[in-house]
Amino acid sequence: MAISISATSTVFDRELAVAGAVQLAVLGTVSAAVGLSPLGWVAGLVFALVTGLLLVSHDAAGRARAAGAANQVTLARATLVGGVTALVAAGASGPQLVVLVAIGSVAIALDGLDGYLARRNNTVSVLGARFDMEVDAFLILVLSVLVCRTVGPWVLAIGLMRYAFVAAMFLVPRLNGSVARKVVAAMQGGLLVAAAAPIWPLEVAVGLAAVALVALAWSFGRDVWWLLAHRAELAERASTLT
């Protein structure tokens, strides 16, 4: 069993190494196509490095469980998010902004495919689900930084809300166990990419970002209300599991 886990975790590590090479290719392609400043390169490479270090720090059994087609899709999406991060750090404008919107759109379009493949291939894992969630959250954060430049700093609340909720879980343990709102998360990314597209008047971009913020606030508010209202039930369930 130990040999099997070690071999499969090696597959995961190989997939991660390939993704690192793909990330370099994405950044190189973007740089050749529309230019990429040194700050953009640093941001993209740091994103890839931190992502890789966090993934390999997970235990071998967790990496073994996550390896496969679903993980490859999530890694591919992560390389696209790295490209978006680099362009935002480079102050994307003009052709860079067009490329950013295209890359971000593909990353969002692929969201959900990894989960489908994990369920179909019976490779659903804690690491895979968490990785997928963090890729979504970071993409939304980076896009909110981009959109806030034209719409206003209040858009940052969209990207920071999830991280604020995670921080709140440490302060209020009863908030642990929130149900992920996958549809709402995907909608945030789509609305923010649309708001960033250089084809709308400012009023449309403001409206799109406002819809994203209201939907996210409603989603998190519903989660908080449900968790606090059912704290006794959740505590009993946790006690039963232990």
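All of the numbers you see were taken from the coordinates with simple rules; none came from a lab. Since we're looking at a predicted model, the values are computed, not measured. Quick reminder, even Gly has a Cβ in these numbers, built from the backbone with ideal geometry, and neighbours come from all protein chains shown.
From helices alone, the chain scores -28000 deg cm²/dmol at 222 nm; the rule is -39500 (n - 2.57) for each run of n ≥ 4 DSSP H residues, then divide by the residue total.
Placing +1 on the Cβ of every Lys and Arg and -1 on the Cβ of every Asp and Glu, with no other charges, gives the chain a dipole of roughly 260 debye about its Cα centre. Scoring 137-146, 10-19 by mean Cβ neighbours within 10 Å over their residues and listing the highest first yields 137-146, 10-19. The mean sequence distance of close C-alpha pairs (under 8 Å, at least 6 residues apart), as a share of the length of the chain, puts its relative contact order at 18 percent. Packing around the peptides 75-85, 43-53, taken as the average count of other Cβ atoms within 10 Å per residue, puts them in this order, highest first: 75-85, 43-53. Taking Rg and Dmax of the Cα atoms in Å as calculated from this structure, the corresponding entry among (1) 18.9, 59; (2) 20.7, 66; (3) 40.5, 130 is (1).
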